[in-house]
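Participant: Encoded as structure tokens, here's the structure I'll be asking about.
The values are calculated or read from the model by the stated rules, or taken from the named source; none is laboratory data. The shown structure was predicted, so the numbers you read here are calculated from the model rather than taken from an experiment. For neighbour counting, all protein chains shown are included, and Cβ atoms are generated from backbone atoms with ideal geometry for every residue, glycine included.
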Amino acid sequence: MSVFEENRLAGLKDQQFDLAVIGGGIIGAGIARDAALRGLRVALFEKDDYASGTSSRATRLIHGGLRYLEMLDFGLVRMDLKEREILLHIAPHLVRPLAFLVPFYNRDLFYRLKLRVGMWLYDWLSFDKSLPNHKGFSTEETLKKEPSLKREGLQGSFIYYDGQVALTERLTLENILAARQKGAQCFNHVRVDELVKQDGKVTGLRVKDTLSETD
């Protein structure tokens, strides 16, 4: 459906949907795709262009949430790791493995042990992953891998793997296209102005096409 049609919203008033998604970034697009694949009737509205907000300004990492281990949020880390593996599997043309080398300098034994345990937990929580497990390196091995690192105080390093998507906008758009192929109705440049409620429940949306100024 072209964004330049005069009234792209014609006919929506007579339709009923199981789910309305507000926002066409990667989260909204992913929700629309998942729901459509499950057979739900889905409508998605994005006030600007798809992936024009946070999704276009992200780190472009597909990570498992290593930093959340320090908060002991194992459930969140496991969920992120599962999602990372799904993306590596269904979108290998966009999501690729990325290695991180983490050197440490002048750290006490407790810190090094904590880091080692954290790496081990990261591997354990991603037991079904396709990426390699972490590895530890001595000072000399680290310098062979990264000769430009400062030697003074260097105690060694760890290498671990996450994923990276160079084109987050394309990943978002592919989710939108997949959702539409399964029947979802997705609109960009359509602003949600109001939630329509009846007896305390949301029963509809008031939306406006910002290109044609129709609603």
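Participant: Confirm whether residue 158 is modelled with pLDDT of 95 or more, in the same structural domain as residue 69 (by TED's automatic domain parsing) and in contact with a Ser or Thr (Cβ under 7 Å, 6 or more places away or on another chain).
Facilitator: no
Participant: Right, here's the next one. Take region 140-196 and flag every residue that is part of a loop (DSSP other than H, G, I, E, B) and surrounded by fewer than 16 Cβ atoms within 10 Å (Cβ to Cβ).
Facilitator: 146, 147, 148, 149, 150, 151, 152, 153, 166, 167, 183
Participant: Give me a count of the residues in region 35-72 that are modelled with pLDDT of 95 or more, in a helix (DSSP H, G or I) and surrounded by 16 or more Cβ atoms within 10 Å (Cβ to Cβ).
Facilitator: Residues flagged as modelled with pLDDT of 95 or more, in a helix (DSSP H, G or I) and surrounded by 16 or more Cβ atoms within 10 Å (Cβ to Cβ) within region 35-72 amount to 2.
Participant: Give just the number: which of (1) within 15 Å of the chain's Cα centre (by Cα); (2) part of a loop (DSSP other than H, G, I, E, B); (3) surrounded by 14 or more Cβ atoms within 10 Å (Cβ to Cβ) does residue 92 not satisfy?
Facilitator: Of (1) within 15 Å of the chain's Cα centre (by Cα); (2) part of a loop (DSSP other than H, G, I, E, B); (3) surrounded by 14 or more Cβ atoms within 10 Å (Cβ to Cβ), only one is false for residue 92: (3).
Participant: Looking only at residues in region 165-205 that are over 20 Å from residue 50 (Cα atoms) and of a type in the set (S, T, N, Q), which one is modelled with the lowest pLDDT?
Facilitator: The extreme case among them is 203.
Participant: Give just the number: which of (1) among the hydroxyl-bearing types (Ser, Thr, Tyr); (2) within 12 Å of the chain's Cα centre (by Cα); (3) within 24 Å of residue 195 (Cβ to Cβ) does residue 50 not satisfy?
Facilitator: (2)
Participant: Could you pull out the residue among 163, 153 that is under 30 Å from residue 29 (Cα atoms) and not aliphatic (A, V, I, L, M)?
Facilitator: Testing whether each residue is under 30 Å from residue 29 (Cα atoms) and not aliphatic (A, V, I, L, M) leaves just 163.
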